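These notes concern the structure reproduced below.
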Amino acid sequence: MTTHEGRLAGKVALITGAARGLGAQIARRFHDEGATPIITDLSESACRELADELGGDAFALDVTQSAAVTEVFAKVAANHGRLDILVNNAGISGMEDRPEEVQRGYDIAMAQMADTMAGNPPSVHPDVTLRTTDQDWHRVLAVHLDGTFFCTREAMRIMGPKRSGAIINLSSIMGTSGGSGASAYCAAKAGILGLTRAHAREFVSQGIRVNAIAPGWIETAMTDALGPMRPLIAAQTPMGRMGDTDDIAWAAVYLASEEAKFVTGQVLSPNGGWYMSQ
Ligand SMILES: NC(=O)c1ccc[n+]([C@@H]2O[C@H](COP(=O)([O-])OP(=O)(O)OC[C@H]3O[C@@H](n4cnc5c(N)ncnc54)[C@H](O)[C@@H]3O)[C@@H](O)[C@H]2O)c1
């Protein structure tokens, strides 16, 4: 239980995929603003240290598992009797275990740039889709789309009767701009924008706001995996760098707070100017 006042004083907030990266920093900033964060991720041990630091619950929660999602939200209802904020943050790029694809993507980007600068047609092509299995495709859609839907449905069982709540979905600039070699990720993130707007309209009469954050390129384990692409990404970003986790955490605080009381169905995109119209 927190004792200090803040922009989220007294709120209970569940964050998925919160053991590290953006989810962990969102949990920290929520806590600093007076909320009680509930830290969830694939394993409880991964959540425990942060939950102990912030004084909230820690739950193992694989968001692709509908029955497990139901169970965890039932525990939240039993323990707290309320849920004010849900952040659907859990995500995978689909490239975590495919470093050879990342290197290949870099080599092809460089070769195509050299071809163009030499006035030649492209001599090489990504073809990542041809090497993407059914399983690769379904895994990425499951974490982002099934996960966001399952968690939102269970959160609504608690928030709906209270006639109050804020849901924040993590999309990406990839959901609108597209990205070569990341078809499942781009489709999933675009789908999250659709879910955000559908749920914003469906839940508005119950006083529940639903918004998305579409981060640009942010320094986390997900983008560490991009290795040689990182300097290229920084160079393509008008601000000349990748973002830090607070660039997203503060956006989440705003959308969760009363400051955003007239904001629903929107996309907020901290991205250093990489994409200028979400
Ligand atoms: N880092 C970026 O540049 C960036 C950009 C745009 C969007 N995003 C999105 O932000 C969110 C957080 O990304 P991040 O950069 O912090 O990544 P990250 O890899 O550091 O953290 C993601 C977390 O999600 C967890 N997770 C993965 N699968 C899960 C599942 N099935 N159930 C529950 N948890 C699961 C992981 O264990 C991990 O702790 C993701 O949705 C990501 O797509 C990130």
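Cβ-Cβ below 6 Å, separation at least six or inter-chain, first residue in the stretch 196-212 and modelled with pLDDT of 95 or more, second surrounded by fewer than 14 Cβ atoms within 10 Å (Cβ to Cβ): which pairs?
Gln206/Arg163; Gly207/Arg163
Exactly one of (1) open to solvent by less than 40 Å² (accessible area, probe 1.4 Å); (2) within 19 Å of the chain's Cα centre (by Cα); (3) within 17 Å of Ile167 (Cα to Cα) is unmet by Thr36. Its number?
(2) is the only condition that Thr36 fails.
Given the criteria open to solvent by less than 60 Å² (accessible area, probe 1.4 Å) and among the hydroxyl-bearing types (Ser, Thr, Tyr), does Ser123 qualify?
Against the criterion (open to solvent by less than 60 Å² (accessible area, probe 1.4 Å) and among the hydroxyl-bearing types (Ser, Thr, Tyr)), Ser123 does not qualify.
Give just the number: which of (1) out of contact with any Asp or Glu (no Cβ under 9 Å at 6 or more places or on another chain); (2) on the phi < 0 side of the Ramachandran plot does Arg163 not satisfy?
In the conditions (1) out of contact with any Asp or Glu (no Cβ under 9 Å at 6 or more places or on another chain); (2) on the phi < 0 side of the Ramachandran plot, Arg163 misses (2) alone.
Which pairs do you get when a residue that is touching a residue at least 12 places away in the same chain (Cβ under 8 Å), found in the stretch 78-98, comes within reach of a residue that is open to solvent by 40 Å² or more (accessible area, probe 1.4 Å) and of a type outside the set (Gly, Ala, Ser), reach meaning Cβ atoms under 6 angstrom, with the pair 6+ apart or on two chains?
Close Cβ pairs (under 6 Å, with a partner that is open to solvent by 40 Å² or more (accessible area, probe 1.4 Å) and of a type outside the set (Gly, Ala, Ser)) amount to Asp84/Lys11; Ile85/Lys11; Ser93/Met222.
Which count do you get for residues in the stretch 131-144 that are in a helix (DSSP H, G or I) and either of a type in the set (S, T, N, Q) or away from the ligand (no atom under 11 Å from the Cβ) (or both)?
7
Looking only at the stretch 195-228, which residues are over 14 Å from Asn88 (Cα atoms), crowded, with 22+ Cβ neighbours inside 10 Å, within 9 Å of the ligand (Cβ to nearest atom) and hydrophobic (A, V, I, L, M, F, W, C)?
Passing the criteria: only Trp217.
Residues that are under 20 Å from Leu268 (Cβ atoms), at least 1 per element: which helices (runs of 4 or more DSSP H) completely within the stretch 162-251 meet that?
Hits in the stretch 162-251: 174-177, 183-203, 221-224.
Across the stretch 229-239, what is the number of residues that are more than 12 Å from the ligand (Cβ to nearest atom) and open to solvent by 50 Å² or more (accessible area, probe 1.4 Å)?
Summing the residues that are more than 12 Å from the ligand (Cβ to nearest atom) and open to solvent by 50 Å² or more (accessible area, probe 1.4 Å) in the stretch 229-239 gives 5.
If you scan the stretch 253-278, which residues turn out to be open to solvent by 30 Å² or more (accessible area, probe 1.4 Å) and in contact with a Ser or Thr (Cβ under 7 Å, 6 or more places away or on another chain)?
Once the filter is applied, which keeps residues that are open to solvent by 30 Å² or more (accessible area, probe 1.4 Å) and in contact with a Ser or Thr (Cβ under 7 Å, 6 or more places away or on another chain), the stretch 253-278 yields Val267, Trp274, Tyr275, Gln278.
Filter the stretch 146-194 for residues that are more than 13 Å from the ligand (Cβ to nearest atom), aliphatic (A, V, I, L, M) and open to solvent by 30 Å² or more (accessible area, probe 1.4 Å) and give the result.
Result: no residue meets the conditions.
Got a sec? Which of Val102, Val69, Val76 is open to solvent by less than 40 Å² (accessible area, probe 1.4 Å) and more than 30 Å from Tyr254 (Cβ to Cβ)?
Exactly one residue qualifies, and that residue is Val102.
Among the residues of the stretch 39-49, how many are buried (at least 24 other Cβ atoms within 10 Å of the Cβ), touching a Gly at 6+ places or on another chain (Cβ under 9 Å) and not acidic (Asp, Glu)?
2
Going by the conditions given, is Ala9 modelled with pLDDT of 95 or more, of a type outside the set (Phe, Trp, Tyr) and in a loop (DSSP other than H, G, I, E, B)?
In short, yes.
The values are calculated or read from the model by the stated rules, or taken from the named source; none is laboratory data. A quick note: this is a predicted structure, and the numbers were derived from the prediction, not measured. Here Cβ is always computed from backbone atoms with ideal geometry, including for glycine, and neighbour counts include all displayed protein chains. What goes into the accessible areas is simple: the full protein's heavy atoms, side chains included, and nothing from ligands, DNA or RNA. Shrake-Rupley method; radii C 1.70, N 1.55, O 1.52, S 1.80 Å.
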